[in-house]
Amino acid sequence: MNQFYYVQCNNPKAMNTPARLIAVAMMVLLMTAVPAIEGNSSGKHSQASSGCGCHSNLGGTTVSHNFPTTYIAGAMYTITISIQTSANPTSGGFNVVVDKGQLMNPGNGVQTTQQGDSATHTSRNQIQWTFDWMAPFGGSGSATVDMAVMHANGNSANSGDSWGTTQVVIPEGLPPNDAPVVSNVQVAPSPEADADEALTLTYDYADNDSDPESTQTEIHWYVDGTHNTAHNGKTTIQATLTQAGQKWKVQVTPHDGLEFGNAVMSNEVTILDIDSDGDGVLDGQDAFPDDASETADSDNDGVGDNADAFPLDGTETTDSDGDGVGDNGDAFPNDASETADTDNDGVGDNADVFPNDPFRNR
């Protein structure tokens, strides 16, 4: 049949499933007694939830559509509705009803209501229709879409046709996110830093969505080309953590709370040796970088060679009596005439007549 009929009620959206089934059954009974009514080949609004109840339904017809599974608030979607059937339909009709957003920009053979809540066909010679759906504003919640299509067999009666309905509930989705970016990633001072200077990281953060920078932003420092995980997340490297001759750089990967942006590597800074005590010897070669009077400790006893009476003897540093024997090995460190007391009688061997007899010394 080339005429299209829909079950109508005062509030089709309010009809529950049992009520819809009863209405369809009543219409089927009435169809045997009531002549076909002209006027629906040009479409009927707000009937999608009820279907084409004035027509018999041979089944096998479903609604094909491309409504999104989630919507982005305020986005415009181009929707295509068509008849899905195993037959080869040449004529049909449809109705789409939305409870949120607006149907607009009807394509060929489509009309929409002024309120934008319903779309239907304008003629019977199509089996596919297009229009736009503008999604509702943010915070509107899920949108419900009722759809109905009918395949007419062209026998000028309400028998032998088939129709189908479907309903989709479309939740609001998150808007697409633009990844953040960082630029001007710099380590200062640059290109060189003295060994007593801290390194400071600065960079510019930007996000097209105005998302603030997340604490998940990654900061990775590299020393001589090797990632040093001990310094992850730091924006300042204290001078005590650097050594002369090292090369430092840092990689920043921004995060906006939703996703990472691209990693950006900074400039490289070389750590320079310094002469902290101004003695003319750089700290890296100075055993006493903070003592201008000392530069070397040849015997590694902790006393500089200049102050060490025995710079090549790690067991001695002082000779108080100047007798050439270090105080540690001198039994009489303050008596230049004595150095040993073999019999431990308290009298130096030089003055002891019996240096090996503790009971006699004269």
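Here the condition is being assigned to a loop (DSSP other than H, G, I, E, B), over 30 Å from residue 193 (Cβ atoms) and in contact with a Gly (Cβ under 6 Å, 6 or more places away or on another chain); of 288, 332, 354, it holds for 332 alone. The sole residue among 192, 213 that is surrounded by fewer than 14 Cβ atoms within 10 Å (Cβ to Cβ) and modelled with pLDDT of 95 or more is 192.
Scanning the range 111-135 for residues that are part of a strand (DSSP E or B) and of a type outside the set (S, T, N, Q) yields a total of 7.
Residue 307: modelled with pLDDT under 95, farther than 27 Å from residue 194 by Cα and surrounded by fewer than 17 Cβ atoms within 10 Å (Cβ to Cβ), yes or no?
On the way: modelled with pLDDT under 95: yes; farther than 27 Å from residue 194 by Cα: yes; surrounded by fewer than 17 Cβ atoms within 10 Å (Cβ to Cβ): yes.
Considered against the rule, which asks whether it is modelled with pLDDT under 95, farther than 27 Å from residue 194 by Cα and surrounded by fewer than 17 Cβ atoms within 10 Å (Cβ to Cβ), residue 307 comes out as yes.
Every listed requirement among (1) at pLDDT below 95; (2) under 16 Å from residue 263 (Cβ atoms); (3) not aliphatic (A, V, I, L, M) is met by residue 220 save one, (1).
Residue-level check: of (1) modelled with pLDDT of 95 or more; (2) more than 26 Å from residue 204 (Cβ to Cβ); (3) not polar (S, T, N, Q), residue 287 misses just (1). Tell me yes or no: at least one residue of the range 259-266 is under 53 Å from the mean Cα position of the chain (by Cα), hydrophobic (A, V, I, L, M, F, W, C) and surrounded by 15 or more Cβ atoms within 10 Å (Cβ to Cβ). The answer is yes, given that some residue of the range 259-266 is under 53 Å from the mean Cα position of the chain (by Cα), hydrophobic (A, V, I, L, M, F, W, C) and surrounded by 15 or more Cβ atoms within 10 Å (Cβ to Cβ). Taken over the range 96-142, the residue count meeting the criterion of being more than 22 Å from residue 75 (Cα to Cα) and in contact with an Asp or Glu (Cβ under 9 Å, 6 or more places away or on another chain) is 0. All but one of (1) more than 19 Å from residue 68 (Cβ to Cβ); (2) crowded, with 18+ Cβ neighbours inside 10 Å; (3) outside the structural domain of residue 237 (by TED's automatic domain parsing) hold for residue 187; which doesn't? Result: residue 187 passes all but (3).
The values are calculated or read from the model by the stated rules, or taken from the named source; none is laboratory data. The structure displayed is predicted, hence computed values, not measured ones. FYI the Cβ positions are ideal-geometry reconstructions off the backbone, even for glycines, and counts take in every protein chain you see.
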